[in-house]
């Protein structure tokens, strides 16, 4: 994932730029800390934002701009190193003046610009540094893999690697391209407010259809991952569709062309979401949790989420411990009703709990503990829980919970 | 808390015994693994059990026995080293035969005996070892601090120290005594199903009044602590009141005598509950979370619980990091509505977030980071959050989240 995307895969009609304006100390992620995405033509825009009650001013402002300019978005400006959150009324002034400056520089309206910030909470944003960087950003905009890579690096904070993904398909002879990048490792790091993802496509999609597609895809991708259960104050996922492919516009959320678009968007979002899990703070395993046989899909998701958030399940995975009892106990406290005596559990592809041959009640099945331990040392760990209560199912992804997570998050900020 | 209680403080009319029957390997907690509590006269009984859907057979059986013999309980038999949970129908047979054997030995009915188990899940209980220990237990019953201490040690699993508490008060010239013991460090340890607490008193209390008093007290003590959010399959808190003090029976849940009893019971339960937090797996700090100014008490508890369960808050406390932003972000995702711009946060007694003098909106307040860090190295850390939305308040206790917790829980069981 950390190779550059090819020029061929980059959606047409977008340009990117990034630079350092002194918000972020030079570290393993480099010093790039501000970036600009510009769509040459007004683009359809759809976005989802954090559900946290504490919302940073850039989130409040960008939600308004996406609502007002869903059919005419022109740019995104994003900084890392400072979340511009919980700093009093100065926060909104900083975000608005950033949007103003970019709009002036591009010759568009303020509400055609999305503003995102990620980094430390509670420290006033030195916005003049961002304003000062706007001329350089606008004069160095480029359609190139290198410029796109700069964007993916400028948004990194505690990430250990840049995360991007692309997808292409054809619609009536026209090639449609989707490219995205994301950042996020813990939901919040030492005062860092985190998850950001930007997806751009040269498909032509009506704003309402784009919004619908995004919500469908988000439920199965970004909203199906968790690192530590702590949601951030700045989470933003934005999609821009500028139509530069020349393909026929999607005006309805149905039909074969819509399905193709959703599938390609889902591929990009899933790659980015799993990239976040894989790069979770301290993570050594990626865990896929499948719950089936639940009374409903919502109930299945509730069970999957309780398992995905259980510290005891996540530490067992870190230790390659075939500890199915913790999975059963987590399901049991999820609030979903099922009969534990009929449930079945597979861990790492090995059935560990279920009815033995000829019996109707579940017990611990004979287990080669050494072999199970060896299997659980592998990177990707599937967990399957069958509740035998109905047809509801859900998939979630999480990472394991290691001492390194504690080290990263307990370190005194110096 | 690890000194023995004095004979003077032990409730009259109870005897205790413990021994080793080979369920637990000899470790730092010794090899005692089965214990018996007997009330010489039939006692009032009240209990609360785990809310987990997965309930071990001893929980199912004991709930029934407490319902059937709430005015005539005689004994409690408890083992550690095996939770007798998720083992198929044999589990209930094992619990029933244990109650039978104790009843036979004491000359009472099976349903006058409470049965508790704690330890590994999913491994069939070698019940013949417990049955074989019953004669020794019944023949060595004693009213003595040493015998009570044996009980507190026989129930330990991952606990690093025994946890007990006593309280005395006088009612119309009669001395009333309450003594309790508890075990539990993580809610579940490597397949260990955990929290158990037993409280005995020589007060005379009608069963319905005892039940009411217990529920009042539990809400403010055991249900206000959390170590890791994982509730167990075997959690049991049982109170027996045998009237041996000769004091006038409490027949109503009101009045001065009732209030005295509740206060003394609360003191014992709070000491035991805080003992569990202090002995939490890997814990180095005890954190008291006070939420006030909430729309309701229930809302305050919801906010307090979200903070108490936040991995990011708990790792920050482990690192003595004055990271109030994580507290605000946790409150923000609790589901309770408040205005973050008016909230105030104190950490370790230091106000870190609130309106500066002459302002009406909250921001990060000037902080001497070094002094704050030094304060947070102390053992007891108070967190206060004022939401300024109403009069609702709640207190919760938790421990910090250290790399040692991960080490304990990630270790492959060998």
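The values are calculated or read from the model by the stated rules, or taken from the named source; none is laboratory data. None of these values were measured; they are calculated from a predicted model. For neighbour counting, all protein chains shown are included, and Cβ atoms are generated from backbone atoms with ideal geometry for every residue, glycine included.
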When you scan the range B:342-354, do you find a residue that is facing chain A (nearest Cβ under 10 Å) and within 25 Å of residue A:399 (Cα to Cα), even just one?
no
Can you name the residue in the range A:322-337 that is out of contact with any helix residue (DSSP H, G or I) (no Cβ under 7 Å at 6 or more places or on another chain) and at the interface with another protein chain (Cβ under 7 Å from one of its Cβ atoms) and, of all such residues, is surrounded by the fewest Cβ atoms within 10 Å (Cβ to Cβ)?
A:337
Condition test on residue B:378, is it touching a residue at least 24 places away in the same chain (Cβ under 8 Å) and loosely packed, with under 15 Cβ neighbours inside 10 Å?
yes
Looking at the range B:324-340, is at least one residue over 26 Å from residue A:315 (Cα atoms) and part of a strand (DSSP E or B)?
no
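On the basis of being surrounded by fewer than 19 Cβ atoms within 10 Å (Cβ to Cβ), away from chain A (no Cβ under 14 Å) and farther than 19 Å from residue B:334 by Cβ, does residue B:369 make the cut?
When the stated conditions are applied, residue B:369 does not pass them.
Counting only residues that are part of a helix (DSSP H, G or I), within 21 Å of the chain's Cα centre (by Cα) and surrounded by 24 or more Cβ atoms within 10 Å (Cβ to Cβ), how many does the range A:308-318 have? Reasoning before the result, please.
The first filter runs over the range A:308-318 and keeps only residues part of a helix (DSSP H, G or I), leaving A:308-309, A:311-318.
In the following step, the residues that additionally are within 21 Å of the chain's Cα centre (by Cα) were identified as A:308-309, A:314.
With surrounded by 24 or more Cβ atoms within 10 Å (Cβ to Cβ) added as a condition, the list becomes A:308, A:314.
Final tally of qualifying residues: 2.
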Within the range B:17-72, tally of residues that are in contact with a helix residue (DSSP H, G or I) (Cβ under 6 Å, 6 or more places away or on another chain) and either in a strand (DSSP E or B) or not assigned by TED's automatic domain parsing to the domain that holds residue B:207 (or both)
13
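Would you check which residues across the range A:56-86 are within 14 Å of chain B (Cβ to nearest Cβ) and surrounded by 23 or more Cβ atoms within 10 Å (Cβ to Cβ) and list them? Lay out the reasoning, then the answer.
Initial filter on the range A:56-86 (within 14 Å of chain B (Cβ to nearest Cβ)): A:56-57, A:59-60, A:82-86.
Correct list: A:56, A:57, A:59, A:82, A:83, A:84, A:85, A:86.
Determine, yes or no, whether residue B:135 is more than 14 Å from every other protein chain (Cβ to nearest Cβ), more than 19 Å from residue B:65 (Cα to Cα), free of Cβ contacts under 8 Å to residues at least 40 places away in the same chain and touching a helix residue (DSSP H, G or I) at 6+ places or on another chain (Cβ under 9 Å). Show your work before the answer.
On the way: more than 14 Å from every other protein chain (Cβ to nearest Cβ): yes; more than 19 Å from residue B:65 (Cα to Cα): yes; free of Cβ contacts under 8 Å to residues at least 40 places away in the same chain: yes; touching a helix residue (DSSP H, G or I) at 6+ places or on another chain (Cβ under 9 Å): yes.
When the stated conditions are applied, residue B:135 passes them.
Suppose we filter B:265, B:274 for residues that are within 22 Å of residue B:66 (Cα to Cα), in a helix (DSSP H, G or I) and touching a strand residue (DSSP E or B) at 6+ places or on another chain (Cβ under 9 Å); which single one remains? Walk me through how you get there before you give the answer.
Values: B:274 fails: within 22 Å of residue B:66 (Cα to Cα).
From the options B:265, B:274, the qualifying one is B:265.
Within the range B:88-99, can one find any residue that is assigned to a loop (DSSP other than H, G, I, E, B) and away from every other protein chain (no Cβ under 14 Å)? If you could, list the steps in order and put the result at the bottom.
Taking the range B:88-99 as the starting set, the residues that turn out to be assigned to a loop (DSSP other than H, G, I, E, B) are B:88-89.
Now drop any that are not away from every other protein chain (no Cβ under 14 Å), which leaves none.
No.
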Within the range A:381-414, of all residues that are assigned to a loop (DSSP other than H, G, I, E, B) and free of Cβ contacts under 8 Å to residues at least 60 places away in the same chain, the one farthest from the other protein chains (Cβ to nearest Cβ) is A:414
With (1) away from every other protein chain (no Cβ under 13 Å); (2) closer than 27 Å to residue B:196 by Cα; (3) surrounded by fewer than 22 Cβ atoms within 10 Å (Cβ to Cβ) as the list, and residue B:268 as the residue in question, which single condition is left unmet?
(3)
